[in-house]
Amino acid sequence: MEKSKKVAAQLLSDRRVIGWREWVALPQLGIKKIKAKVDTGACSSSLHAANIERFQRHDVDWVRFDILPVQRSTRHTVRIEMPVLEFRPVRSSTGHVTERPVILVEVELMGQRWPIEMTLASRHKMGFRMLLGREALRGRFLVDADGSFYGGRLSW
């Protein structure tokens, strides 16, 4: 086997496999579980946020928002305040461009915890409250497009 193929095989063997949807935690935000769509077609990750308010704290941009981690339910609303990393133009799947706040937040999946950049947007019409994009997955996981919940099935 060529050296480059051996290196590639070793890199792939070190990665865990996840499905196209997984339960993840956002411990920094107090979210123990939220169902996320794993989307390798999306560069960035996105979190459903309601009532987004921009404000300044010590000359730094911040956002205040509500997270509703359970799809089609408002029972478990979590109010969050976070500093803004930046405001970034994002093109939706329909081609519409909006400027979204980006926060830096830790995500936990299958025993791994790492920081990711996440845009905040209204995803109330979407099937998932969270989208986990390829930048968050890069170098960590392989995605099985046929599989789901490799990290286990959770329920409310």
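No value in this document is a laboratory result; all are computed from the given coordinates. None of these values were measured; they are calculated from a predicted model. All Cβ positions, even for glycine, are placed from backbone atoms using ideal geometry, and neighbour counts span all protein chains on display.
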Fill in the blank from the handout: Taking 0.36 nm per residue of separation between Q112 and A145 and subtracting their Cα-Cα distance, the length gained on full extension comes to 9.8 nm
Practice task
Express as a percent, rounded to the nearest 5, the fraction of DSSP beta bridges in the range 16-144 (both residues included) that run antiparallel.
Solution key: 75
Exercise for the section: Going by C-beta contacts inside 10 Å, put S92, S44 in order with the fewest on the left. Expected result: S92, S44
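Of the GluC sites (Glu not before Pro) in the range 10-112, which ones lie in a loop per DSSP and count no more than 13 other C-beta atoms within 10 Å?
On the way: sites: E22, E53, E81, E86, E99, E106, E108; in loops: none.
Passing sites in the range 10-112 do not exist.
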Practice task
Before anything else, pin down the relative contact order of the range 16-144: Cα pairs under 8 Å, at least 6 apart, normalised by residue count, whole percent.
Solution key: 35
